[in-house]
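All remarks here apply to the structure that follows.
The values are calculated or read from the model by the stated rules, or taken from the named source; none is laboratory data. Because the structure is predicted, anything quoted here is derived from the model rather than measured. Backbone-built Cβ (ideal geometry, glycine too); neighbour counts: all protein chains shown.
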Amino acid sequence: MIFFLSFILFLIGLYCVLIKKNLLKIVMGIVIMEYSVSLFLILLGYKKGGFPPIVTPGVEGTNFVDPLPQALVITAIVISIASLALIISLCMRIYQKYKTFDITKIRKLKG
Amino acid sequence: MLELYSLIILMILGSLVAIHTKYLLSAVISLTLVGLILCVTFLYLQAPDTAITQTIVEVIALVILIRAVPIEKDTMGRKGAKETFSAVVTTIFLVLFAFFAYRALLDLPQFGFPLMRVSEGYIREGLVKTGSANIVTAVLLDFRAYDTLGEATVLFTAILGAIIVLRKAGRK
């Protein structure tokens, strides 16, 4: 049951987000969840004995894997790196201000 | 098939190391390891374009994460009644979630036999309609070009936000 294995990876990321108290560990949990979702979508498009979807003279045209999840996963990966950059810059600002990554100590709102 | 299982199990082990290690720097390295194994898995699943993108993005993510990590120990693993309670509740929730997800995942098409109702048209007409031999590029830049435009917008906005957050000169 290979879909369930990628779902276990998602659960590990979710556990990390829910339990950990370090901001960077929470970011890492989000990244792990992104990995598992893109892996799951590519797994959904895999065809047994298929070729990469590139038209070449030697390969017959019907035996390709699904190109649609691959294209949309590329979009999702690029968006995930942009959001990671934004999250990390927010974390760096928080660390500059509070000198800690502990989310139980980041409570004061005074500017 | 066995290779695929072992690669995904390796990814699970790597992410467990990443979330349980004390040192944040080794956690970042383990996370990057998981991403690179994901690249190999994409190659094995016949998705070379996705694997190339994942490799580049992985290296950039490593640089960004290492920039943020201070060289010190993660000293937040303290134990208390509150922490134990939240761990127990989270574990119960995750087990329930996994159970229902397992029931739902049984309804998906079997692995290796995808539903390709939309993609069949793309594969049949991609070369003629767009002139691109790579069907992934044809989907990304022609059939679903508005998605790519939206992706570029999101990318621009996120990087703009990061620059605004990180800039030196603040309002005095």
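Which one of these is of a type in the set (A, V, I, L, M) and over 19 Å from B:T137 (Cβ atoms): A:I74, A:I30?
On inspection, the qualifying residue turns out to be A:I30.
Just to verify a result, which residue in segment B:116-151, among those that are among the hydrophobic types (A, V, I, L, M, F, W, C), under 10 Å from A:L68 (Cα atoms) and within 22 Å of the chain's Cα centre (by Cα), is surrounded by the fewest Cβ atoms within 10 Å (Cβ to Cβ)?
B:L140
Go through segment B:143-156 and give me each residue that's within 16 Å of A:A76 (Cβ to Cβ) and assigned to a helix (DSSP H, G or I). Break it down into steps so the answer makes sense when it comes.
The first filter runs over segment B:143-156 and keeps only residues within 16 Å of A:A76 (Cβ to Cβ), leaving B:144, B:146-155.
Within segment B:143-156, B:Y146, B:D147, B:T148, B:L149, B:G150, B:E151, B:A152, B:T153, B:V154, B:L155 qualify.
Only one of these is in contact with a helix residue (DSSP H, G or I) (Cβ under 8 Å, 6 or more places away or on another chain), over 24 Å from A:I2 (Cβ atoms), of a type in the set (A, V, I, L, M) and assigned to a helix (DSSP H, G or I): B:L25, B:L7, B:L43. Name it. Break it down into steps so the answer makes sense when it comes.
Working: B:L7 fails: over 24 Å from A:I2 (Cβ atoms); B:L43 fails: over 24 Å from A:I2 (Cβ atoms).
Residue meeting the stated conditions: B:L25.
Name the pairs whose Cβ atoms lie under 6 Å apart, with the first residue in segment B:90-102 and within 13 Å of A:L14 (Cα to Cα) and of a type in the set (V, I, T), the second modelled with pLDDT under 95 and in a helix (DSSP H, G or I), and 6 or more positions between them or separate chains?
B:T90/A:L18; B:T90/A:I19
Scan segment B:83-93 and give yes if some residue there is at the interface with chain A (Cβ under 7 Å from one of its Cβ atoms) and under 30 Å from A:Y46 (Cβ atoms), otherwise no.
Scanning segment B:83-93 turns up no residue that is at the interface with chain A (Cβ under 7 Å from one of its Cβ atoms) and under 30 Å from A:Y46 (Cβ atoms).
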